[in-house]
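Derivation of every value follows stated rules applied to the coordinates shown; laboratory data play no part. None of the values given here were measured: they were computed from a predicted structure. For neighbour counting, all protein chains shown are included, and Cβ atoms are generated from backbone atoms with ideal geometry for every residue, glycine included.
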Amino acid sequence: MNFIKTNRLLIGLASSILFFSFLASMILTSFGNVEVKSLRLDTDKGQYIVYDLFRPNSAKPESKAPFIAIIPGFQRSKEALSNIAIELSRRGYVVALIDPYAQGLSSSSLSTRAATTQGYGMFSLVEDVHSGAFNFVDIDKIGATGHSMGGNAAIRGADFFGKQAIQNNTKSKLDSVYVSGYVLTLRNNILRDSKSNMGVSYALYDEGAFRNELTAWDSANMIIAPESLRTVNSVLPKEEQIKEVELGKYYGSKEKNSLRVIFNEPVLHPFQPYNFEATANQLDYFEKVFGAPNPINSNNQIWHWKEIFTLINMVLALIMLIPIARLFLDLRFFSSIKKDIPAPLNVPNGKGKIIFWSIFFISALIACTTFIPMVEVAKILFEDAANRKLTWFFPQRMNNSVMLWAAFNGLVGIIIFSLSYKLFGKRNGVDTKSWGLGINRMDLLKTCILALVIFATFYALLFINYALFHVDYRFWFMGVRIFQPEMLAVLLMYLPLFLIFFFSNSLRVNGAMRFKDQPEWLSMLIAGFANSLGLMLIIIIQYSVYFNTGTVFWTTNWLSVNLLFGIVPMMFILPYFNRIFFRMTGRVYLGPLVTCLVFIMILSTNTVVYLPIK
C-alpha cells in the first residue's frame, strides 16, 4: 500500500499509457475487424525483411482479397506509414507494411541501391505472395505503394515485374502501383516496360523538386511537369497525347494495366503521407483499380486518432522517466546520489545580462552554421556509411553528422561556459558549488548504473506495451520504437560523443541559467530555445528561401535539413529533463546520462543502419 501511495504518478502514467495504447490498437485493427501481426520473410543471402500483415476478417480462402505492399521512404520505419495501412485494411485489402532494408527491424541489404534493385524488399515479398504464401489473397490483384524513396521502390517494382512479364509473356505480378513523393525515375526507359496501373502523387511544395527537370516552382507543378506528362503519354496513342495533365483524371485502361492518374496536393514533402487529401486520393485510386471489398468513402478516415493516442503516449512515456528515477532513487543503494540542491546564481544585470544574451545568440549562431559543414565532414570520416556500405564502424549514415555536430557544439558550450566564468563570473562572486559538479567516484558509478536502470525500465515497458497492443510511442515520423539487440552495440558506439553535448547542456542549464527568484517556467523556456534555436534557424532559412524562390537554400543536403523536424523537439525539451534530474540529485550528471541513452536510442531506431549481415 505504501508503494502505491509513493509511486502514484508512475502507476498513473503507466496505466494511462496502457489505456491509450488499447485505444490506438482499436484504430490499428479497425475495432477488431483486422488482424495485425509481425512476420519475417527471409529473402536472399542472409537478408530479410520484417513486415506487419494487416488481414481483414473478410479476407478468406473463399473470398480472397487484393494485396497491397506499403514501402516507407528513406529514414522511415513501417510504423511511419501505419495510417495508410489502417485505411486500406479497413476497406478490406490485405496489407503488408514493410520495414525497408537497413531500417526498422529488417536486415541491411547487400545492394547499395536497395530501393532501386530490390524495392527495399518489396520485390521478394511480391514474389512470395504471388507464389501462394497467403491463401486469402487474390494473386491477380497485387499492388504496391510507397512514399519518397518508397515511391521509387514502387516505380522500380513496376519496371522489374514488367520486364519479367514481357520476358515470360504473362501478366505482371504487380498489377498496380501508387507512387507518392517521387518522380525522378518516371523516365521513358522505366515507363516503357511497366505493365502496372500507376497513380502518381507529388507534393506541390516538395522541397526536393529542385532535382526535377523544370526549375523553381514549375518543377513541382504536375500539370506541366515532363515527368507527369511522360507517365500519361506513355500509355496514350500518339494522336491523343497531351500537353497538360488534368489532375485526378484517369487516363489509359485498367484492363490493359495502363491506367494512369496524377495528383498534386498542396503540402510539403515530409508531411504528404499525413495529409487527408493525399490519403483520400490514394484510397480512391486503389478502389478504382481493385475495387474495395469493403467500400468506405475516402474522406471517412480514422487513422489520425491513432496518431493522437500514440502522441499522448510519447509525451506520457517521456514524463514517466521522472517517477522511474524517483522510484530507484528511494532505494538504499542509490540514496547516496541525492544531494542538496546548490544555491542558484544571482539574476544578471548590467554587464552580466549583456554577456548572458551574447552567449545565448552566439551559441545559436555557431549551432546554425556548423550543422551542414558537419554533414560534409561525416561523409569523409565515415566513408563506408556515407556510401551505404555495410560496416560496424558508425553505421548510421544520417546520424553520424548529427553526432559530430553535437560533439563539436558540446565542446564549444563547455569552452564558452569556462571562459565566461574566468573572465566575468569569478570576478563577480559566482560560486562554483552552484554548478553541481562535485561528486565522488562511488556516487558517479552509482549514477551511471542508475541511468542504465532507468533506460532499461523505460524500454522494458515499451516492449511490454508493444507485445500487448502492437503500438509504440510516436507521432507521424517521430517515434520511440522497439529495437533489435544489435542496436545496443550501436548505442554504446554513439554514446560517448553525444554525451559531450548532453553533459554540456546540463552544465549550462543548471550552472549558468538557474537564477534566484526567476520563475522556473521562464528559466526553462529560455533554456529550451537556447538549446534548439540554432537548428530552428536552419529550418527557417531553408523554408524562407524556398517560399521566396521555389528552391531550398541547402540543396545537396536537403534531406539532412528534413531530419531536423524530428530532432528540434528533442533538443527543446532536453533542458527540462536536465533541470528536473538536477533538482532530484543536486548534481549535473544523471540528467545527461539518462537523456543521452534514451534520446540517442530514439534517433538510432529512426534512421538507416548499415550493419553487416550475419
I'm spelling it out carefully: the read-out is Rg and Dmax of the Cα atoms in Å, the candidates are [x] 27.3, 89; [y] 36.0, 125; [z] 26.2, 86, and one was derived from this structure. Which label?
[z]
The range 1-83: which trypsin sites (Lys or Arg not before Pro) are DSSP loop and have at most 14 other beta-carbon atoms within 10 angstrom?
K45
Out of V200, V568, F408 - ranked by how far each Cα lies towards the positive end of the dipole of the chain, with unit charges on the beta-carbon of charged residues - the top one is F408
At 7 Å along Cα-to-Cβ for each site, give me the label-to-label distance between F19 and R211 in nm.
4.5 nm
Once Lys and Arg get +1 and Asp and Glu get -1 on their Cβ, which of F286, N297, V347 lies farthest toward the positive end of the dipole of the range 275-417?
V347
Ranking I4, I580 by Cβ neighbours within 10 Å, fewest first, what do you get?
I4, I580
By the Cα gyration tensor axes a ≥ b ≥ c (a/c under 1.5 gives rounded; else a/b larger than b/c gives prolate, otherwise oblate), the shape of the range 495-538 is oblate
Taking the Cα centre of the chain as the origin and placing charges on Cβ (Lys, Arg +1; Asp, Glu -1), which of I86, T370, I359 is farthest toward the positive end of the dipole?
I359
Report, in debye and to the nearest 20, how large the dipole of the chain comes out about its Cα centre when Lys and Arg carry +1 and Asp and Glu carry -1 on their Cβ.
1920 debye
Gain in span if fully extended, A489 to F271, counting 0.36 nm per residue against the direct Cα distance:
75.3 nm
Dipole in debye (nearest 20) - the range 94-229, about Cα centre, beta carbon charges: Lys, Arg +1; Asp, Glu -1
320 debye
Shape of the range 307-604, Cα gyration tensor, a/c cut at 1.5
oblate
List the lysines whose Cα sits under 19 Å from the Cα of K389, skipping any in the same chain fewer than 8 residues away.
K45, K379, K614
Could you derive backbone 3J(HN,Hα) for the range 43-51 from the dihedral phi with the Karplus parameters 6.51, -1.76 and 1.60 (θ = phi - 60°), listing whole Hz in sequence and x where the residue is Gly or Pro?
9, 7, 6, x, 7, 7, 10, 10, 9
Given the -39500 (n - 2.57) contribution per DSSP H run of 4+ residues, what per-residue ellipticity at 222 nm results for the chain, rounded to the nearest 500 deg cm²/dmol?
-17000 deg cm²/dmol
Point-charge dipole on Cβ atoms (K/R +1, D/E -1) for the range 495-614, about Cα centre, debye to 20
320 debye
So which helices of the chain fit the span-like rule, where a helix is a whole DSSP H run, its Cα atoms reach 27 Å or more along the axis, and its mean Kyte-Doolittle is at least 1.0?
8-28, 303-329, 351-381, 441-469, 486-511, 520-549, 558-585
